[in-house]
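The values are calculated or read from the model by the stated rules, or taken from the named source; none is laboratory data. Everything quoted here is computed from the prediction, not taken from an experiment. For neighbour counting, all protein chains shown are included, and Cβ atoms are generated from backbone atoms with ideal geometry for every residue, glycine included. For the accessible areas, the whole protein counts, side chains as well, though only heavy atoms, and no ligand, DNA or RNA atoms are used. Shrake-Rupley method; radii C 1.70, N 1.55, O 1.52, S 1.80 Å.
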Amino acid sequence: MVIMKKLFNYFCVLLTFALLGSVSACIENIDAPEDLGLNIKVFFPTKVVPGVQMTINGSGFSNVKEIVFPDNVTVTSFKLVSDDMIRVTAPAGFSAGGGKLILRTADDQAESRLPMTLGKTEISGYSKQAGESIQGGEQLTIYGKDLEFISGVELLDADGNPSLITDASFYRKGTSSVIIYIPKKVYEGTFVGKVFTFDGKVFEMPELSYTPASEGGHWETVKTTIWKNDGSHGAANWDGVYRFGLDGHDGNNECLATFPADVWDKIKTGTFYMLAQGSDWVQMRITTGWWSTTWTGEDIMTGNERIIDNGDGTYYIAINFEGDPILDMLDDQHLLLTGSGYTPLELYFEEQEWVDGGGHWETVKTSLWKGDGSAGAVSWSGQYRFGLDGNDSNNECIATFAQDIWDKLKSETFYLLLESTDPQIRVTTGWWSTTWTGEDIFAGNERLKDNGDGTFTLTVNLSEDQALLDLLDQQHLLFTGDRYTPLELYFEEEVWVEEGGGAKEVVFWQGDGSAGEVNWNGVYRFGLDGNDTNNECLATFPADVWEVIKNGTFYLTAKGSDWVQMRITTGWWSTTWTGEDISTGNDRIGDNGDGTFTIELNFEGDPILDLLDAQHLLFTGSGYTPLKLFYYK
């Protein structure tokens, strides 16, 4: 028995080591990264029409030669964003049945897991019927099927000329409904508008009676926040942190927040929004606290059209549970936002409200660059070259712009004021690779307005010239040609001005919280556009805003702790505004009563003024987090 016991113990020891070895081998295999080679992970959208922009994510894309769509429709022209991302325009030619997507290299190919299908836009109705009236500033809803492929709506402007509202300007865009705003300066009269799709279809709208917005009031978007992250909750990571429920239905205290019945009903029956901060790759699952079903039936990932990029490191997504199986489970199982790669910041509603009161619309001009005359006239030369901050290593640009301004130049309308009597204008890249509109612009072109004083204004919108857009970041934007001198680049926007309403707050920088609290560091550093070659600034500003900072009065609002010590200096810490730090109790600090404070700044007569252009403006110290910079206009 003793011998048998010893043998049994010996056998157990051997078995233990064998099991540990196998577990170790398993762990080793799990940890070892898998080289997937050429592989399609996911593509968006999975339903397309010809002309729609698609994104393909995966791995091993560097050597892809062609993309094969269903029915063997092959595309060789596409944009390789990185080894794991491709952007391509969906071609024409494949059938409604669709099929798999294939990527091919010289010696390999990868096939998508999911099939691609062909969409077909159908309009079933509108929120206004033929013969009814609609006013500028009101919303118009289009109903139907596959409406995500609507590219624009054409109405008439105040002068009776066709005016296109592009899909980027739609208030909301979904597969079964699209909401647009009627321009406030719409043509006064009865006419038939048009709806366009990416694949070239045209639908006639009902004949409506249009009137411009009343001068006695205006529509405003009212945002109602129902939950806000206080900073203590981090990124979603396939966990149950971001769980929300109905008041009284959280007996186990699992929810991050619960809502009263009226708010909960609105979440279930209407549209609400989530603001989030995302990483390079976002995978979002909107489900119940029991993970019983997933809204839309699938995860929402980077590239999905539901994710709307705000251009500041955050995005928002509109959520509407109408007709989804999740709706019947929410009361008992709660609402859960999970997945990975993102941090929920806020849940909110948005509604349109008419605000009564006298006032008028004004065109506000925001100057981006002004010529001082030193660069002279254009004569097939390259001096009027503009770029993105940090993308001008050879110092070829006359000016560079911050990312938000650059994105706006690429996606919205801007203007070039120029001096000339008979210009020939070519808008191209710094490498002269392609020309906007495909041809030079001369006097008489509808895009070029003669101001009658020896100047012209060129209206520029690059958003529909994908070939040019793909090159701008690397090759810059160039105005060349002959017989003209650029004077100014600027944006214009329509703003409502209340009669006797006083000064308007103009916010020129707003923090998203990612930069954190000041702690004797150089994070909150700001400069003039083009004066940040080492990319040290959190933001840079166009010359007109920088001029306000230097020679006007502006304000900082910040979130403060119990003790605030603020030093307003240059990026080189050369001198301190007022000659001393501003600490808690200083009468310059105006308490807003909500945990934030505002301080008024004016550099007139201070030594800091002469140093700002070269050394930047720095807010440092400790115990506070800058939230926004603004001035009154």
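Pairs of Cα atoms nearer than 8 Å and 6+ residues apart set the relative contact order; for the stretch 260-377 it is 36 percent. A P(r) calculated from all alpha carbon pairs of the stretch 237-306, with 10 Å bins opening at zero, reads 16, 47, 32, 5 percent. Database remark: amide H of residue 345 closer than 5 angstrom to the amide H of 275, 276, 277 (H placed geometrically; neighbours at sequence offset of 5 or more, or on other chains; Pro and chain starts carry no H).
Paramagnetic label reach from residue 332 (point 7 Å along Cα→Cβ; backbone nitrogen cut-off under 15 Å): within the stretch 281-306, residues 288-293.
The order of 446, 419 by accessible area, most exposed first and with a 1.4 Å probe, is 446, 419. For the stretch 551-633, the alpha-carbon radius of gyration amounts to 1.06 times the rule-of-thumb value 2.2 N^0.38 Å expected for a compact globular protein. Hydrophobic long helices, here whole DSSP H runs in the chain with Kyte-Doolittle means of at least 0.0 and Cα atoms spread over 30 Å or more along the helix axis, are found at 2-31.
Can you check what the Kirkwood hydrodynamic radius comes to for the stretch 401-536, Cα pairs only, in Å to one decimal? Evaluated on the stretch 401-536, it is 17.9 Å. Under 19 Å of direct C-alpha separation, and excluding same-chain neighbours fewer than eight residues apart, residue 65 reaches these aspartates and glutamates: 83, 84, 107, 108, 111, 470. Taking label points 7 Å from Cα along the Cα-to-Cβ direction, residue 531 and residue 279 give a separation of 3.8 nm.
Adding -39500 (n - 2.57) for every DSSP H run of four residues or longer, then dividing by how many residues the chain holds, sets the calculated 222 nm ellipticity at -3500 deg cm²/dmol.
For Cα extents along the principal axes in Å, the choices are (i) 117, 84, 47; (ii) 114, 69, 57; (iii) 79, 57, 52; which was calculated from the structure? Among (i) 117, 84, 47; (ii) 114, 69, 57; (iii) 79, 57, 52, the one derived from this structure is (ii).
Dipole size of the chain about its Cα centre, with +1 on Lys/Arg Cβ and -1 on Asp/Glu Cβ: approximately 1840 debye, rounded to the nearest 20.
Counting only the Cα atoms, the stretch 130-263 fills a convex hull of 192 Å³ per residue.
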